[in-house]
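Working notes for the structure below.
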Amino acid sequence: MSVLVGRDTKLLVQGMGGAGRFHTDTAIAYGTNVVAGVHPGKGGTSLRFEGTTDASGVPGRDATYAVDVPMFETVRDAVAATGANASVVYVPPAGAADAILEAADAGLELVVAITEGIPVQDMVVVKRALQGTGTRLIGPNCPGVITPHACKIGIMPGYIHAGGRIGVVSRSGTLTYEAVKQLSDVGLGQTTAVGIGGDPVNGTNFVDVLTMFRDDPATEGVIMIGEIGGTAEEDAAAWIAEHLDKPVAGFIAGTTAPPGKRMGHAGAIVSGGKGTADAKIAALEGAGVVLAPTPTDMGAAMMDAMKRAGRA
Amino acid sequence: MKIHEYQAKRLMAERGLAVPEGRVATTPEEAVAAVGPLVEAGGSSVVVVKSQIHAGGRGKGRFVEHPDLAGVNVVTDGVEGGVPSAEAKVRALAETMLGSTLVTVQTGETGTPVRRLYVEQGVAIARELYLSVLLDRATGRNLMMASTEGGTEIEEVADATPEKILRETIDPAVGLADFQARRLALGLGLAGDAAKNGMQFMKALAAFAAEMDTDLVEINPLVVTEDDRVLALDGKMGFDDNALFRHPGVAELRDEAEEDPAEREAGAYGLSFIKLDGSIGCLVNGAGLAMATMDTIKQVGGEPANFLDVGGGATTENVTAAFKIITRDPNVKGIFVNIFGGIMKCDVIAEGVVEAVRQVGLDVPLVVRLEGTNVELGKRIIDASDLDVVSADDMKDGAQKIVEATR
């Protein structure tokens with residue numbers, strides 16, 4: 001079991017530029033079922049992807065792959081022709097919000113937006129437009145979603161993942177990789193790893209993903225990785241205390257970040273005394289979350305949380 | 001991106017938001033020349049001379065060279081002496097303020113040199129209010145905040161009298177609705193023409209924020225005049241850098257002199273860089289990992305010299321530039337390169353580091369930790385070079401090694 005994506009995911013790629021093609025190739029190598037691409041001017045053609053299979057991905061495949069992905073002008077056409085049920089957005093920032101809206105209009109259940117640098121006001125409009133639709137948006141400005149050995153959507157390196165028992169949710173891409181590798185190394189592995197992105201307005205927050213992990217029987221424990229800015233971690237802490245009886249470990253980045261400075265991510269900023277790492281760490285500790293003192297200790301913190309709960 | 005008050009007021013005026021008339025001056029002569037026309041247009045003999053720097057707190061700020069002089073000065077000499085008296089006072093002020101260094105609560109102790117003044121009409125103020133639009137992350141929508149406590153920092157109001165802050169969440173599909181503007185006007189105690197003008201201002205400001213992609217627009221104070229006009233007496237604006245591509249007119253307002261040169265150079269190479277006070281330079285991919293690297297250095301007893309995220313799409317050239325920016329800081333006693341390649345490939349980082357050292361040399365210890373995409377290739381590139389590099393197994397190991405090497 002897993003959340004969001006699995007072997008039955010049929011992926012559509014929006015934006016087959018350089019980045020889109022590169023990551024489509026690694027996704028296919030991993031074993032993701034990529035059924036269609038949408039790129040202006042490319043409708044009616046197809047793109048060939050071939051290479052050596054990623055052995056860490058979906059098991060039981062040939063050593064090499066050669067796939068022709070049909071291209072379409074619009075998402076609606078692509079869905080009608082291929083039955084795609086999820087999309088990933090690599091469209092550049094100026095057109096990314098429109099790409100998300102188009103995916104939602106076509107009725108896709110899941111849209112994963114990788115694009116970094118989408119104007120905030122575009123996301124304000126997108127979030128409003130998605131209300132009441134059946135579309136779940138992950139991101140933007142995120143590494144994507146992966147269920148090990150089943151489906152990889154996004155830009156994460158596949159080989160660090162291992163199937164297992166822990167759900168991973170994070171605002172930071174590279175810190176997700178740190179957590180995942182450590183979970184693999186200590187033998188806990190992952191059910192699904194979800195990057196919710198580093199922007200101030202995103203489609204899915206910590207509580208949304210924590211709820212999915214709570215309801216997934218295969219997920220025995222959860223690690224959440226937050227950073228300075230906003231109050232999403234505090235909200236998550238309150239929810240965990242109330243609703244989650246699975247072991248939770250965590251890490252918060254930005255203890256040493258100076259106030260008023262945007263630390264790379266548009267959302268990572270301490271302003272007006274709000275959004276500090278200390279407040280988030282205190283809230284999570286208050287909810288019984290085992291905090292890793294440094295990111296190198298995330299795997300150990302998760303193991304500690306599992307042991308305390310008698311699950312390891 | 002931040003802009004100056006005079007630029008913000010020009011943008012507001014262009015979009016129907018009422019502001020006092022004013023003129024920008026970079027010389028005492030320009031400042032003096034502004035006085036006559038402003039007095040004539042405004043009907044008041046009072047003018048205000050305001051320092052134009054990006055930092056706030058100018059009114060309470062003082063000059064390093066002239067500790068008794070404030071950053072903002074009201075000139076009333078014209079009330080009795082007419083325009084010539086006002087001009088004489090403005091000249092004296094401009095000669096003193098221009099080129100001097102203003103220290104405010106936001107500039108730090110070293111202050112910021114004043115290169116421009118804004119000479120503005122005096123206004124007969126009946127009330128000072130506060131109005132702003134900012135992003136509310138909890139709802140993912142813009143939020144209008146208003147308060148009767150104009151002229152005070154909003155953080156102070158929030159601490160002392162939080163009930164005096166009024167809030168309206170703005171639906172992007174609707175904008176600020178009439179009933180919301182009316183609710184704010186009532187809460188601010190506006191009536192008659194002042195209420196009408198205030199509501200019009202609020203609706204226009206909400207539209208301004210959405211259409212111009214501001215991440216903050218703060219009017220403090222928003223004043224009600226004795227004749228019930230509602231005017232922006234100050235204007236602080238920040239714009240979403242990611243949206244500047246659709247506002248070329250705003251992008252042109254960038255004042256590079258107000259920005260840190262190293263941060264600006266980094267930006268030109270697509271790097272996200274923030275200078276800090278410590279001694280250990282950091283070169284990292286990913287904002288979260290870059291922050292966590294700083295935290296880890298601090299935890300093992302060191303102090304980071306910078307935040308640096310090379311991003312996901314960096315080329316060898318970008319990495320070389322990053323390395324040069326770090327090594328140029330005289331405080332840097334050691335460098336920690338910490339990479340977990342995903343979209344970023346370790347071999348690109350390795351080549352960038354090797355190339356940078358070839359170009360500029362290296363006289364401080366260097367610790368490199370590589371993990372992720374193409375890690376073996378990256379390690380081979382580092383090994384094949386004759387660089388004096390210490391390899392680290394993980395982030396904490398690397399932080400400990402660089403801290404030890406710089407002791």
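Among the residues of region B:18-74, count how many are charged (D, E, K, R), in a loop (DSSP other than H, G, I, E, B) and in contact with a helix residue (DSSP H, G or I) (Cβ under 9 Å, 6 or more places away or on another chain). Residues flagged as charged (D, E, K, R), in a loop (DSSP other than H, G, I, E, B) and in contact with a helix residue (DSSP H, G or I) (Cβ under 9 Å, 6 or more places away or on another chain) within region B:18-74 amount to 3. Working only within region A:271-280, note down all residues that are within 11 Å of another protein chain (Cβ to nearest Cβ) and surrounded by fewer than 24 Cβ atoms within 10 Å (Cβ to Cβ). Answer for region A:271-280, where residues must be within 11 Å of another protein chain (Cβ to nearest Cβ) and surrounded by fewer than 24 Cβ atoms within 10 Å (Cβ to Cβ): A:S271, A:G272, A:G273, A:K274, A:A277.
In this structure, B:F273 does not satisfy being within 16 Å of the chain's Cα centre (by Cα), within 11 Å of chain A (Cβ to nearest Cβ) and either touching a residue at least 60 places away in the same chain (Cβ under 8 Å) or farther than 28 Å from B:V348 by Cβ (or both). Taking the criterion of being surrounded by fewer than 24 Cβ atoms within 10 Å (Cβ to Cβ), of a type outside the set (A, V, I, L, M), within 14 Å of chain B (Cβ to nearest Cβ) and touching a helix residue (DSSP H, G or I) at 6+ places or on another chain (Cβ under 8 Å), would at least one residue in region A:212-228 satisfy it? Checked region A:212-228: no residue is surrounded by fewer than 24 Cβ atoms within 10 Å (Cβ to Cβ), of a type outside the set (A, V, I, L, M), within 14 Å of chain B (Cβ to nearest Cβ) and touching a helix residue (DSSP H, G or I) at 6+ places or on another chain (Cβ under 8 Å). A Cβ distance below 8 Å, combined with a sequence gap of six or more or placement on separate chains, defines the contacts here; from region B:338-364, residues that are not assigned by TED's automatic domain parsing to the domain that holds B:I280 reach no residue that is part of a strand (DSSP E or B).
For region B:48-91, the set of residues classified as in contact (Cβ under 8 Å) with a residue 40 or more places away in the chain, surrounded by 15 or more Cβ atoms within 10 Å (Cβ to Cβ) and basic (K, R) consists of B:K50, B:R58, B:R62, B:R91, listed by residue number. Of all residues in region B:119-141, those that are open to solvent by less than 40 Å² (accessible area, probe 1.4 Å), more than 11 Å from every other protein chain (Cβ to nearest Cβ), within 22 Å of B:A209 (Cβ to Cβ) and not hydrophobic (A, V, I, L, M, F, W, C) total 2.
Of the residues making up region A:111-124, those that are crowded, with 20+ Cβ neighbours inside 10 Å and touching a helix residue (DSSP H, G or I) at 6+ places or on another chain (Cβ under 9 Å) are A:V111, A:A113, A:I114, A:T115, A:E116, A:I118, A:P119, A:V120, A:Q121, A:D122, A:M123, A:V124.
Restricting attention to region B:142-190 and to residues that are in contact (Cβ under 8 Å) with a residue 40 or more places away in the chain and part of a helix (DSSP H, G or I), the residue that is most open to solvent (accessible area, probe 1.4 Å) turns out to be B:G187. Quick check, is B:A305 within 14 Å of chain A (Cβ to nearest Cβ) and closer than 20 Å to B:G341 by Cα? Considered against the rule, which asks whether it is within 14 Å of chain A (Cβ to nearest Cβ) and closer than 20 Å to B:G341 by Cα, B:A305 comes out as no. Taking the stated definitions as given, is A:G60 open to solvent by 10 Å² or more (accessible area, probe 1.4 Å) and either within 14 Å of another protein chain (Cβ to nearest Cβ) or in contact (Cβ under 8 Å) with a residue 40 or more places away in the chain (or both)? No.
Counting only residues that are within 14 Å of chain B (Cβ to nearest Cβ), surrounded by fewer than 24 Cβ atoms within 10 Å (Cβ to Cβ) and in contact (Cβ under 8 Å) with a residue 40 or more places away in the chain, region A:231-255 holds 4 of them. Of all the numbered requirements in (1) within 14 Å of chain B (Cβ to nearest Cβ); (2) out of contact with any helix residue (DSSP H, G or I) (no Cβ under 8 Å at 6 or more places or on another chain), A:A96 misses one, and that requirement is (2). Go through region B:323-376 and count every residue that is within 13 Å of chain A (Cβ to nearest Cβ) and surrounded by fewer than 18 Cβ atoms within 10 Å (Cβ to Cβ). Selection size over region B:323-376: 1.
The values are calculated or read from the model by the stated rules, or taken from the named source; none is laboratory data. Please read these numbers as outputs of a predicted model, since none were measured by experiment. Ideal geometry is used to build each Cβ from the backbone, glycine not excepted, and the neighbour counts take in all protein chains shown. Keep in mind that these areas ignore ligands, DNA and RNA; they rest on the heavy atoms of the full protein, side chains included. Shrake-Rupley method; radii C 1.70, N 1.55, O 1.52, S 1.80 Å.
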